[in-house]
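Q: Next up is a structure, given as structure tokens.
The values are calculated or read from the model by the stated rules, or taken from the named source; none is laboratory data. A quick note: this is a predicted structure, and the numbers were derived from the prediction, not measured. Neighbour counts are summed over all protein chains in view; Cβ atoms, including those assigned to glycine, are modelled from backbone coordinates with ideal geometry. For the accessible areas, the whole protein counts, side chains as well, though only heavy atoms, and no ligand, DNA or RNA atoms are used. Shrake-Rupley method; radii C 1.70, N 1.55, O 1.52, S 1.80 Å.
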Amino acid sequence: MLFDKITAAPGDPILGLGEAFKADPRSEKVNLGIGVYKDANGRSPVLPSVKAAEARILADEDSKNYLGIDGLAAYNLATQKLLFGADNPLIASGRLQTAQSLGGSGALRIAAEFVKRQTAAQNVWISAPSWPNHNAIFQAVDMNICDYRYYDKTTHGLDWDGMLEDLAQARAGDVVLLHGCCHNPTGIDPTPEQWRQLAQMSAEKGWLPLFDVAYQGFGNGLEEDAYGLRVFAENHAELLVASSYSKNFGLYNERVGAFTLLAADAGTAQRVFTQIKAIIRTLYSNPAAHGSAIVAAILQDDALKAQWQGELDEMRERIKAMRRQMADLLKEYGAKQDFEFIVQQNGMFSFSGLSPEQVDRLKDEFAVYAVRSGRINVAGITADNIRYLCESIVKVL
Ligand code: PMP
């Protein structure tokens, strides 16, 4: 038998948690594993702006014909405007090319295939820690993974000196993967001044920056969260972006993301983009239409866009409020450690500082599910579960 020799692949550490949570019979249980936004009632409903756009699409749709290999043009243009700023001259310059992708993950895979097949890069620099799929995607194309220090356990902040020291080893042409905002899993981002320094260092050394922008709008706002990317774009002739609308539009299962490249001139961008399309053709031929139609409909319509921005602001502010309450309650319940750092972190996640053993105890004794790295999804915290959660955490400290 051919299949007898095949061993089982290890389960996905994050997606596996959700299955264990579902199967847990305890009535008081809290899921802070996978990064899905939940509202104050613990639900992940479709955003009203999305529902409104879908109603329009259903009424107007007159064909299920294929999209092009690179997806919906209006969506790709809207993506460039959101990433680089609506008035950025780069957009009219023709130096940017965007292909709709299957989520941010799909965009990362396109980037990995492109770098492997079309550039001389052998190394990709990934923060330690990072979203585990970063390593996995670049391993899948046989790239050499190099870690750069990012998180300082003692300060619960950025290990800036360590990061610079490690990245100083990166050679010209190496890919350097940067989280555009709301770093997953730590929630810690470079300051504007640090972004400027990094961009300068990157341009001097000739790195190929790859920005992963999966949480635009969840940190400090849509424009603010694009600061790092925009500073790099000012300083670099070439860079890559993998972006996602899974979180900021709540379109997780529609698989909407984008791969964008910046080239030195319009002619180069067009030529290189033919290789991107060749890659997509052999991966999945062309993307699905529904999710990108929703995003395009919202971003092209002033009223719907304003509505969506309001909904995004609400998500961001709710997460920030939960951070504040969590730090306060942990103190109130007697935690000896200072948890003020939770308030400083950006985005959905908090690196709680809990050890793998403490995370295991939370699950086994209290039915509180988190990633073993200590990452918790702050967006899973609600007024109903926050007291139970904080009491449980204090008990395992
Ligand atoms: N990058 C990061 C840092 C992420 O956290 C995620 C989602 N967890 C992705 C990319 C991929 O998102 P998508 O679901 O759109 O593939």
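Q: With unit charges on the beta carbons (Lys and Arg positive, Asp and Glu negative) and the dipole taken about the Cα centre of region 301-397, which residue among S350, S373, L329 sits farthest to the positive side?
A: Looking along the dipole axis, the top candidate is S373.
Q: Sticking with this one: Net charge near N31, counting Lys/Arg +1 and Asp/Glu -1 over other residues with Cβ under 10 Å of its Cβ?
A: On the way: positive: K22, K29, K38; negative: D24.
Value of the local net charge: +2.
Q: Taking springs between alpha-carbon atoms closer than 10 angstrom, which of A367, A20, A242 fluctuates most in the Gaussian network model of the chain?
A: A20
Q: Let me ask you something else. Show that you can apply the helix-only estimate: for the chain, add -39,500 (n - 2.57) for every DSSP H stretch of four or more residues, divide by all residues, and state [θ] at 222 nm to the nearest 500.
A: So the calculated ellipticity at 222 nm is -14500 deg cm²/dmol.
Q: Filter the cross-link list K153/K336; K153/K320; K22/K336; K29/K320; K336/K363; K22/K363 down to pairs whose alpha-carbon distance in this structure exceeds 24 Å.
A: Where the Cα-Cα span goes over 24 Å, the pairs concerned are K22/K336.
Q: Another question about this same structure. Work out the FRET efficiency for A73 and N286 from their Cβ-Cβ distance, taking R0 = 22 Å, and round it to the nearest 0.05.
A: Between A73 and N286 the formula returns 0.95.
Q: Now, a different point. Cα axis of helix 290-299 to longest principal axis of the chain: angle in degrees, 0 to 90, nearest 10?
A: On a 0 to 90 degree scale, this one is about 90.
Q: If we count every other residue with Cβ under 13 angstrom of A111's Cβ, Lys/Arg +1 and Asp/Glu -1, where does the sum land?
A: Residues near A111 contribute 0 overall.
Q: Do any trypsin sites (Lys or Arg not before Pro) in region 1-86 lie in a loop, going by DSSP, with at most 13 other beta-carbon atoms within 10 Å of their beta carbon, and if so which?
A: For trypsin sites (Lys or Arg not before Pro) across region 1-86 that sit outside H, G, I, E and B with at most 13 neighbouring Cβ atoms in 10 Å, the list reads R26, R43, K64.
Q: Show me 87-95, 225-233 ranked by packing, highest mean number of other Cβ atoms within 10 Å first.
A: Most protected by this proxy first, the peptides run 225-233, 87-95.
Q: Loop-only trypsin sites (Lys or Arg not before Pro) in region 288-397, please: DSSP not H, G, I, E or B, and at most 14 other Cβ atoms within 10 Å.
A: Sites meeting the loop and neighbour criteria: K336.
Q: Related question: Apply the Karplus curve 6.51 cos²θ - 1.76 cosθ + 1.60, θ = phi - 60°, to the phi angles in region 140-153 and return the couplings in whole Hz, x for Gly and Pro.
A: 3J(HN,Hα) across region 140-153, in whole Hz: 4, 9, 6, 8, 8, 8, 10, 8, 10, 4, 9, 10, 9, 4.
Q: Could you report the chain's accessible area per residue, 1.4 Å probe, as an integer in Å²?
A: 45
Q: Mind grabbing the accessible area of W160 for me, 1.4 Å probe, Å², rounded to tens?
A: For W160, the solvent-accessible surface is approximately 40 Å².
Q: If you roll a 1.4 angstrom probe over the protein chains with everything in place, what fraction of the accessible area of the chain belongs to carbon and sulfur, to the nearest %?
A: 51
Q: Right, another one. Pull up the cross-link candidates among the lysines for K277, meaning alpha carbon to alpha carbon under 28 Å and not fewer than 8 places away within one chain.
A: K64, K81, K116, K247
Q: Can you give the longest stretch of the chain with no exposed loop site, where a site means GluC sites (Glu not before Pro) in a DSSP loop (not H, G, I, E or B) with at most 16 other C-beta atoms within 10 Å?
A: 62-222
Q: Related question: Through the Karplus equation 6.51 cos²θ - 1.76 cosθ + 1.60, θ set to phi - 60°, convert the phi angles of region 327-344 into ³J(HN,Hα) values in whole Hz; use x for Gly and Pro.
A: Couplings: 4, 5, 5, 4, 5, 4, 7, x, 4, 7, 5, 8, 9, 4, 4, 4, 6, 7 Hz.
Q: So, one more: Ordering T274, T186 by accessible area with a probe of 1.4 Å, largest first, what comes out?
A: Listed by decreasing accessible area, they come as T274, T186.
Q: Follow-up question, since we're still on this one. Let me check I've understood the local charge: for T382, count other residues with C-beta under 10 angstrom from its C-beta, Lys and Arg +1, Asp and Glu -1. What total comes out?
A: Values: positive: K38, R43, R318; negative: D39, D384.
Counting the neighbours of T382, the net charge comes to +1.
Q: Taking 0.36 nm per residue of sequence separation and subtracting the Cα-Cα distance, how much length would be gained by fully extending the chain between E193 and A86, in nm to one decimal?
A: That works out to 36.2 nm of additional length.
Q: May I ask what percent, to the nearest 5, of DSSP beta bridges between residues of the chain are antiparallel? Each step should come with its number before you reach the end.
A: Values: 19 of 38 bridges.
Within the chain, antiparallel bridges account for around 50 percent of the total.
Q: Give a residue-ordered list of calculated ³J(HN,Hα) values for region 76-84 (Karplus: 6.51 cos²θ - 1.76 cosθ + 1.60, θ = phi - 60°; whole Hz; x for Gly, Pro).
A: 5, 5, 4, 5, 4, 5, 5, 6, 9
Q: Measuring from label point to label point, each 7 Å out along Cα→Cβ, what is the L15 to E357 span in nm?
A: Here the modelled spin labels are 3.2 nm apart.
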